[in-house]
Amino acid sequence: MRILILTALKAEAEPIINALKLVKNKTRQIYEKDNLFLAITGVGSIKAAGRVEQVLNSFVYLGDVLLLNIGIAGGPQPITSIGEMIMVNKIIKAKSGNIYLPDILIKHDLPEMGLVTVEDSVVNGSGDIHCLVDMESASIFKVAADYLPVHRLVFLKIVSDYMNCQDWTTLDIPELIRMNLGKILSLIELFRNPMLAERKILTSRDIEFLKRKVKEKRFSVTQSLKLFESAEDYYIRTGKQLTILERFFKQNINYKCERNRLYHEICQFLST
Amino acid sequence: MKSVNSFLPNFSHLYVEENASDYPLTHELLKRYSNSVFVPIKDYKTVFNRGKQNFQLQKRSMKLILAVKKPPFIYHASSVQQNSGFRNHYYITPLINCLYNCDYCFLQGMYPSGNMVLFVNSNDFFSAVGDKIQKRSFSSEPLFLSVSYNTDLIAFENIVPLSRAWIDYCKQTEDLILEIRTKSALFQPLENITPVQNVLLVWTLSPQKVIDVHENNTPTLERRLKAVWKAIAGGWNVRLCFDPVIIYENWQRDYVIFLKQVFAALAADNIKDITVGVFRMNKGFFHRIRKQKPLSKIYYSRYEIYGDIATLPSEEQKMVREFMAEVLTTYLPREKILFWDG
């Protein structure tokens with residue numbers, strides 16, 4: 001599994017970058033090392049949405065990517081305490097009332113709570129708000145859910161204030177993250193669970209082989225999808241590599257009708 | 001090496017629809033699962049119908065959703081279900097999804113989620129069934145109602161005694177035959193109920209080899225047979241269901257041994273009838289499951305499409321029918337054996 005960490009602020013990212021020894025990839029503007037990636041989205045819904053889309057588009061394959069949003073949030077008093085890390089189980093966008101629900105499947109020992117994403121920061125105390133408050137989660141979820149399944153969207157929030165902070169510069173955000181680094185690293189290990197990834201039936205070699213041939217012979221999108229599915233069925237039933245199809249691809253194709261005939265010949269072979 | 005289950009236990013989370021929060025059943029369950037995380041929701045569909053859920057992963061950590069069912073409460077049975085000759089064949093869904101996870105189950109193609117939905121407004125279901133009995137199309141025949149079609153109600157009995165509630169309802173209702181289908185070994189919660197003649201308890205049985213490979217989380221054959229035996233001894237009408245018969249190398253040999261085991265444990269004379277069928281599924285459900293690349297090999301085999309149904313080629317269906325008829329007629333008369341006709 002590859003873990004993509006998103007934070008809104010550089011101050012939230014730095015302790016994680018240091019702990020994981022991530023290195024900046026200047027082309028993608030992503031910090032990375034091995035299968036760990038970190039991107040900074042900026043503050044607020046609009047910035048976050050654009051950046052999430054950009055980052056996710058930079059991955060060629062997303063079947064093994066888990067998005068982990070880590071950041072500070074306002075917490076309701078007296079049910080949360082400063083520095084406490086909470087797993088978010090429900091996100092409401094205050095402006096639209098839209099609800100987003102991450103699918104929490106993996107065992108963890110954090111408290112859970114809902115969260116409201118607001119447009120402007122709440123500074124007059126939690127009052128009637130009985131959940132966390134932040135400024136990005138809803139838009140991150142909304143965009144990311146087009147790319148990733150809901151069990152691979154995880155939101156961790158660290159309570160930084162009781163929604164009464166007038167001056168953000170007074171918060172020691174790196175310290176709030178550092179206090180929870182041990183837990184964050186343990187959770188990253190839990191989320192590396194390969195069962196959470198999309199199942200790959202064909203080997204990378206077979207996928208590459210088939211992709212190349214599909215392109216060469218100019219199969220249609222529908223034909224290509226069906227071919228991959230039939231190839232998977234064949235592989236599960238026989239355990240044989242797809243290079244066995246090489247002889248079919250030796251044919252020269254000049255016309256659409258020849259391509260379609262070849263497609264049917266291969267499908268027939270794969271289904272026997 | 002000891003394997004570690006990294007998934008949260010079933011019902012680690014209870015999602016409760018706003019409308020459901022005042023029902024007594026909701027209060028009971030919230031009390032019972034007080035250690036679970038409670039998440040209030042507006043409509044159960046916001047969690048159950050979310051996009052991009054993974055049914056099979058969710059089966060490893062099922063969540064319970066409590067909701068209020070809106071009409072329709074009762075549905076006409078499809079051609080995939082065996083109607084046992086009843087033309088007024090309907091089903092209801094007091095519970096969606098199942099504690100078990102059989103490879104061949106259509107639920108994984110029917111629903112976007114592996115989580116369970118319990119509808120807490122049972123009285124609305126009773127009223128709807130009462131209405132349907134009055135308005136049934138073939139008034140000379142009773143209404144045949146499957147209450148365990150999209151779930152296994154008896155397996156859930158220790159959590160919510162819905163089977164008992166439906167049996168009680170049936171006891172007081174004329175022109176109703178109730179079918180409760182199960183793979184459960186749990187008969188104890190029903191043991192102290194006086195048998196009701198218009199209730200049919202149906203046990204699906206399979207060879208242990210099939211159970212081990214394809215019927216995840218279900219009780220062993222031996223345990224199921226004990227439950228069936230208790231039901232028969234208690235005076236209940238019992239149907240056995242060998243459906244689907246799974247074809248694999250040497251399946252005939254295993255099914256001969258299996259049927260011998262079944263009829264050694266149960267007196268064939270005491271069984272009301274038997275239904276036999278092969279793997280079959282609405283083709284849309286089948287393709288939806290296949291798309292998720294399940295681990296079960298069932299979805300990578302070759303099937304024929306007959307109308308809307310993906311099933312075995314007709315020659316294989318015929319082979320199963322002839323084989324099962326031949327073996328079963330050594331135990332009970334042919335007229336007691338019903339086959340699903342593809």
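Here are some notes:
- Degrees, to the nearest 10: A:10-20 long Cα axis against longest axis of chain A: 60
- Inter-label distance for B:E222 and A:A94, nm, one decimal - labels placed 7 Å from Cα along Cα-to-Cβ: 6.2
- Close amide H pairs (under 5 Å, H built 1.01 Å from N) link B:I65 with B:Y15, B:M116, B:V117, B:L118, residues at least 5 positions away or on another chain.
- The range B:302-342, accessible surface, carbon-and-sulfur percent (1.4 angstrom probe): 49
- Axis of helix A:45-57 versus longest Cα principal axis of chain A: the two differ by about 30°, to the nearest ten degrees.
- Residue-normalised accessible area of the range B:167-207, given per residue in Å² at a 1.4 Å probe: 37
- Only one residue of A:T80, A:V55, A:Q251 has its Cα farthest out toward the positive end of the dipole of chain A, where Lys and Arg carry +1 and Asp and Glu -1 on Cβ, and that residue is A:Q251.
- Alpha-carbon centroids, the range B:198-226 and the range A:21-82: separation in whole Å: 47
- Comparing A:I86, A:I207, A:I72 in a Gaussian network model of chain A where C-alpha atoms under 10 Å apart are linked, the largest mean-square fluctuation is found at A:I207.
- Square roots of five times the Cα gyration tensor eigenvalues for the range A:56-142, Å: 24, 16, 11
- Long hydrophobic helices in chain B, taken as whole DSSP H segments with a C-alpha length of 15 Å or more on their own axis and mean Kyte-Doolittle hydropathy at least 0.0: B:221-233, B:251-265.
- Multiplying the residue separation of A:Q241 and A:E258 by 0.36 nm and subtracting their alpha-carbon distance yields 3.6 nm.
- Semi-axes of the equivalent ellipsoid for the protein assembly as shown, Cα gyration tensor, largest first, Å: 47, 35, 20
- Given their separation in residues at 0.36 nm each and the Cα-Cα distance between them, A:E189 and A:Q54 gain 46.0 nm when the chain is fully extended.
- The range B:1-81 - percent of accessible surface contributed by carbon and sulfur, probe 1.4 Å: 55
- Sites B:S140 and A:K226, calculated FRET efficiency, Cβ-Cβ separation with R0 56 Å, nearest 0.05: 0.65
- To put it simply, the accessible area of the range A:122-238 at a 1.4 Å probe is 54 percent carbon and sulfur.
- For the range A:1-133, the fraction of C-alpha pairs farther apart than 27 angstrom is 23 percent.
- Of all DSSP beta bridges in chain B, antiparallel share, percent nearest 5: 25
- Antiparallel %, DSSP beta bridges [both residues in the protein assembly as shown], to 5: 30
- Per residue of peptide A:100-110, the mean number of Cβ atoms on other chains within 10 Å of the residue Cβ is 5.
- Only protein heavy atoms count here, probed at 1.4 Å, and on that basis chains A and B bury about 2700 Å² of accessible area in total.
- Label point distance in nm, B:R32-B:T329, each placed 7 Å from Cα along Cα→Cβ: 4.7
- C-alpha long axis of helix A:221-238 to longest principal axis of chain A, angle in °: 80
- Computed from the C-beta positions of A:N124 and B:L25, the FRET efficiency with R₀ = 30 Å rounds to 0.15.
- Label sites at A:K215 and A:T170, each approximated as a point 7 angstrom past Cα along Cα to Cβ, lie 5.8 nm apart.
- Amide H to amide H distances under 5 Å link B:F339 with B:V276, where only residues 5 or more positions off or on other chains count and H is placed in the peptide plane.
- Across the cross-link table entries A:K93/B:K45; B:K52/B:K183; B:K132/B:K183; A:K90/A:K142; A:K240/B:K297, which are compared at the Cα atoms, the separations over 21 Å belong to B:K52/B:K183; B:K132/B:K183.
The values are calculated or read from the model by the stated rules, or taken from the named source; none is laboratory data. Owing to the predicted nature of the structure, the values given are computational and were not obtained by experimental measurement. All Cβ positions, glycine included, derive from the backbone under ideal geometry; neighbour counts span all protein chains shown. Protein only, heavy atoms only, side chains kept; ligands, DNA and RNA dropped before computing areas. Shrake-Rupley method; radii C 1.70, N 1.55, O 1.52, S 1.80 Å.
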